[in-house]
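Inspection log for the structure reproduced underneath, given as structure tokens.
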Amino acid sequence: MPKHSIHAAAAAAALVCLTAFGPAPGSAAPPPARSAGGPGSAAPSRFVPGPCPKPPEPIEALSNARCGFLEVPENRSRPGGRTIKLAVAVIPAVTPSKPPQEPVVFMAGGPGADTFDDIPFLVDSGLNKDRELIIMAQRGNLYDQPNLACPEVDRFNEQAVGLGYDAKQAEQLLLKAVKDCRGRLTADGTDLSAYNTTENAADFADLRKALDIPQWNVYGYSYGSNLALTYLRLHPEGIRAMAIDSITPPEHVTLPWTWGSTAEGIHNIFAACAAQPACKDRYPDLPRLLTEQVRKLEAHPLTLNVPPPGGGKPVKTVLDGGALLNLIVAFTPRPKDIPAALDELSRGNPQRFAQARAAGSVQKTGEFAHGLTNSVVCSEWAPGYSESDVLKAGRKAYPAWPDTVLAQAPQLPFQYPACRIWNVADRASVQRLATVSSVPALVISGTFDVKTGASWAKGVARDLSRSTAIQVPGIGHWVVPQSPCAQRVLASFFARPTAPDTSCVDGLEPQPFTIIPK
């Protein structure tokens, strides 16, 4: 997809250039409005039309979209509190049908990723081919008021490439960044406890009513699948059909859970290599090779000066065992290149992994809502478990790996001490619940997903009595934009929710792996 990376989009946001949607960079955000409802009542949510956001890299689909804000209570359990504004865009159908078909509302991953940055992938995937596509930034995201960005954490991430992934200095710097961000947000009056999946789901329920839509379809991926399932459980009215992609099941997601998903995805990548004769012959024992490299780098990290992708001044880059594992989880390199990259690394050439690590030195500061991430993770995923539980899950997944690597949940290092700083209430008991429903559902997984393991979709599908589940071989996290077959299945599902055409999945195989001659 031109100018975009599917994996980068799932992890970070586009550059921000706020116009009517917020302040210019470096200026103070206006405080969210006080509720007009008065003591004892919450102000009703309402949609207020306004200009579309103006990202620095223009998004063509916004040129003829209807945009504005959904104004909602920040905390629905505190009547009379302040109101926040959530950015909304309604993108028209490319070929409208008569009468118009029910629209699709999108729920992005993260939590904390810029929803608007996902629009090109959704349009390229045909989501608005014959029906409107509705985009709303989840509370706290880019273009919202308030925006729970943490530039402090972005600056840490830039520094982190020159530190050991699990080094004590990295922990100290990250925790200071988290503390500084929390202090700044709470000083502005932000109620961090209100940025959770229950409130997110209520926002979408209010959006449907505010736009006067009798019925719509829901599509969410990654954290957006967690949100979609919560929304279906709490607000089933008006949902015609629901498609979820790269499933994050609310009843199971915890910090220790991440290790099982990571191990499953890596196992599937290595098994696919073993099933291709050329790959098996060239890279005969990838599990052993990965373990060797993780152990070697954790014992003796490499320190290199590496130019980031796209050029620029070389930056100090540390590659240790934790960094190696987390680069694989972040799909850098891509799954088809991982066997070759590991082989090169074992032969003294760390270039692929080192350059991917160096890419972290170039951050889009202030665009990812780390505040939403921390509020969700610390209230919903962390409670009930501890650092020792993460380590125990890591040891179960990779018993021969060093504890220093296994002690950190993949993609979420030092999360428990960060959560002690973030200090939001435990919401596990109200969030870790299965969604049981007869609303037609499509459950989509990719076998190479190392963030949300494909097998977790099975239990979710069982609880959705009118569901269709597909597993797409050789595709990683966020399947639909990467798979033309998944796009066809999704379109068929929205056309006929109880009888989608899944025939294209039969016979699909992973693409050939990269083979580098000895």
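Just so you know, all these numbers are worked out from the coordinates, no wet-lab data involved. Computed from a predicted model, the values in this text were never measured in an experiment. For neighbour counting, all protein chains shown are included, and Cβ atoms are generated from backbone atoms with ideal geometry for every residue, glycine included.
Considering only DSSP beta bridges where both residues belong to the chain, give the percentage that are antiparallel (nearest 5). Show your work: numbers first, answer last.
Working: 25 of 50 bridges.
Of the beta bridges lying entirely in the chain, close to 50 percent run antiparallel.
So what is the 222 nm mean residue ellipticity for the chain from helices alone, if each DSSP H run of at least 4 adds -39500 (n - 2.57) and you divide by all residues, rounding to the nearest 500 deg cm²/dmol?
Details: 19 runs with 185 residues, N = 518.
Theoretical 222 nm ellipticity from helices: -10500 deg cm²/dmol.
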Checklist entry - When only alpha-carbon atoms count, how far does the chain stretch along each of its three principal axes, as whole angstroms with the largest first? => result 67, 53, 43
Checklist entry - Taking LYS316 as the anchor, which lysines have their alpha carbon closer than 30 Å to its alpha carbon, excluding any fewer than eight residues away along the same chain? => result LYS3, LYS168, LYS176, LYS179, LYS296, LYS336, LYS364, LYS451, LYS518
Next on the checklist: Given an 8 Å cut-off on Cα distances and at least 6 residues of separation, report the relative contact order of the chain as a percent.
Outcome noted: 17
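Cβ neighbours within 10 Å, averaged per peptide: list 445-452, 95-102, 254-261, 415-422 in order, most packed at the top.
Working: 445-452: 26.9, 95-102: 11.0, 254-261: 22.4, 415-422: 19.2.
Output ranking for 445-452, 95-102, 254-261, 415-422: 445-452, 254-261, 415-422, 95-102.
Calculate, for SER97 and ASP124, the FRET efficiency according to 1/(1 + (r/R0)^6) with r their C-beta to C-beta distance and R0 25 Å; round to the nearest 0.05. Let's see the in-between values first.
On the way: r = 20 Å, r/R0 = 0.81.
My answer for the efficiency is 0.80.
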Item to check | Percent RCO, i.e. relative contact order, over segment 425-493, from Cα pairs under 8 Å lying at least 6 residues apart | outcome: 34
Item to check | Cα-based Rg and Dmax for segment 329-394, where Dmax is the largest Cα-Cα distance (Å) | outcome: 16.9, 44
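Using only alpha carbon positions, build the gyration tensor of segment 367-406, then give the equivalent ellipsoid semi-axes as the square roots of 5 times its eigenvalues, largest first, whole angstrom. List each step's numbers first, then the result.
Details: eigenvalues 132, 34, 9 Å².
Listed largest to smallest, the semi-axes of segment 367-406 are 26, 13, 7 Å.
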Checklist entry - What's the angle, to the nearest 10 degrees (0 to 90), between helix 286-299's Cα axis and the longest principal axis of the chain? => result 90
Item to check | Reachable lysines from LYS98, criterion Cα separation under 20 angstrom, eight or more residues apart if same chain | outcome: LYS129
Next on the checklist: Helix 168-187 against the longest principal axis of the chain: what's the angle in degrees, Cα atoms only, rounded to the nearest 10?
Outcome noted: 10
Checklist outcome for this item: Distance in Å, no decimals, from the C-alpha centre of segment 193-244 to the one of segment 328-363 is 37
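Once the piece of chain linking ARG462 and GLN351 is laid out straight, how much longer is it, given 0.36 nm per residue of separation minus the C-alpha distance between them? Present the calculation step by step, with values, prior to reporting the outcome.
Working: separation 111, 0.36 × 111 = 39.96 nm, distance 4.40 nm.
Net length gain for the segment: 35.6 nm.
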Checklist outcome for this item: Going residue by residue through segment 319-333, the Karplus relation 6.51 cos²θ - 1.76 cosθ + 1.60 with θ = phi - 60° gives ³J(HN,Hα) values, rounded to whole Hz and with x marking Gly or Pro, of 10, 10, x, x, 5, 4, 4, 6, 5, 5, 5, 7, 6, 10, x
Checklist entry - Under a point-charge model restricted to the Cβ atoms of Lys and Arg (+1) and Asp and Glu (-1), what is the dipole moment magnitude of the chain relative to its Cα centre, in debye to the nearest 20? => result 140
Checklist entry - Which far-off residues, 5 or more places away or on another chain, put their amide H under 5 Å from the one on ILE475, with H placed in the peptide plane? => result THR447, PHE448
Checklist entry - Once phi is turned into ³J(HN,Hα) by the Karplus curve 6.51 cos²θ - 1.76 cosθ + 1.60 with θ = phi - 60°, what whole-Hz value does each residue of segment 383-390 show in order, with x for glycine and proline? => result x, x, 9, 9, 4, 5, 5, 4
Checklist entry - How big is segment 437-503 on each of its three principal axes, counting only the C-alpha atoms and giving the largest first in Å? => result 29, 25, 16
Next on the checklist: Relative contact order of segment 71-152, please, whole-number percent, based on alpha carbon pairs below 8 angstrom and at least 6 residues apart.
Outcome noted: 36
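Based only on Cα atoms, what mean projected area does the convex hull of segment 43-123 have, in nm²?
Values: hull surface 28.1 nm².
Here the figure is 7.0 nm², rounded to one decimal.
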Checklist entry - Along the charge dipole of the chain, which of TYR416, VAL306, ALA491 sits closest to the positive end, that is, farthest toward it, with unit charges on the beta carbon of Lys, Arg, Asp and Glu (+1, +1, -1, -1)? => result TYR416
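Please compute the Kirkwood hydrodynamic radius of segment 70-193 from all pairs of different C-alpha atoms, in Å with one decimal. Don't skip to the end; give the middle numbers.
Numbers: mean 1/r = 0.0583 Å⁻¹.
So the Kirkwood estimate lands at 17.1 Å.
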Next on the checklist: Sort 85-91, 218-224 by packing, meaning the average of other beta carbons within 10 Å per residue, with the highest value first.
Outcome noted: 218-224, 85-91
Checklist outcome for this item: Restricting to aspartates and glutamates and to Cα separations under 18 Å from LYS85, and discarding same-chain partners fewer than 8 apart, the set is GLU71, GLU74, ASP114, ASP144, ASP188, ASP191, GLU199, ASP203, ASP206, GLU367
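Length gain on complete extension for the stretch LYS168 to HIS300, per 0.36 nm per residue less the alpha carbon to alpha carbon distance? If you can, show how the numbers build up before the last one.
On the way: separation 132, 0.36 × 132 = 47.52 nm, distance 1.60 nm.
Gain on extension, LYS168 to HIS300, equals 45.9 nm.
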Item to check | nm² value of the averaged projected area, convex hull over the Cα atoms of segment 344-442 | outcome: 10.6
Checklist outcome for this item: For the pair ARG78 and ARG184, the simple spin-label estimate (label points 7 Å beyond Cα toward Cβ) gives in nm 2.1
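For a Förster distance of 25 Å, can you work out the FRET efficiency between the beta-carbons of ARG46 and VAL436, rounded to the nearest 0.05?
Computed FRET efficiency for ARG46 and VAL436 comes out at 0.20.
Thinking of segment 131-271 as a set of Cα atoms, what percent of all their pairs are more than 25 Å apart?
On the way: 4690 of 9870 pairs.
Result for the distance tail: 48 percent.
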Item to check | Angle between the chain longest axis and helix 257-274 axis [Cα atoms, degrees, rounded to 10] | outcome: 50
Item to check | Rg [Å, one decimal], Dmax [Å, integer] - segment 176-250, C-alpha atoms | outcome: 15.3, 47
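Please give the peptides 138-144, 482-488, 356-362 ranked by average Cβ packing (other Cβ atoms within 10 Å per residue), highest first, as a rough proxy for protection.
Working: 138-144: 28.4, 482-488: 19.9, 356-362: 21.7.
The most tightly packed comes first, giving 138-144, 356-362, 482-488.
Assuming a ≥ b ≥ c are the square roots of the Cα gyration tensor eigenvalues, decide whether segment 389-518 counts as rounded (a/c under 1.5), prolate (otherwise, with a/b larger than b/c) or oblate. Each step should come with its number before you reach the end.
Working: a/c = 2.66, a/b = 1.30, b/c = 2.06.
Taking the square roots of the gyration eigenvalues as a ≥ b ≥ c, segment 389-518 is oblate.
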Checklist entry - Considering amide H positions built from the backbone, and no H for Pro or chain starts, which residues 5 or more places from SER467, or on another chain, come under 5 Å of its amide H? => result ALA441
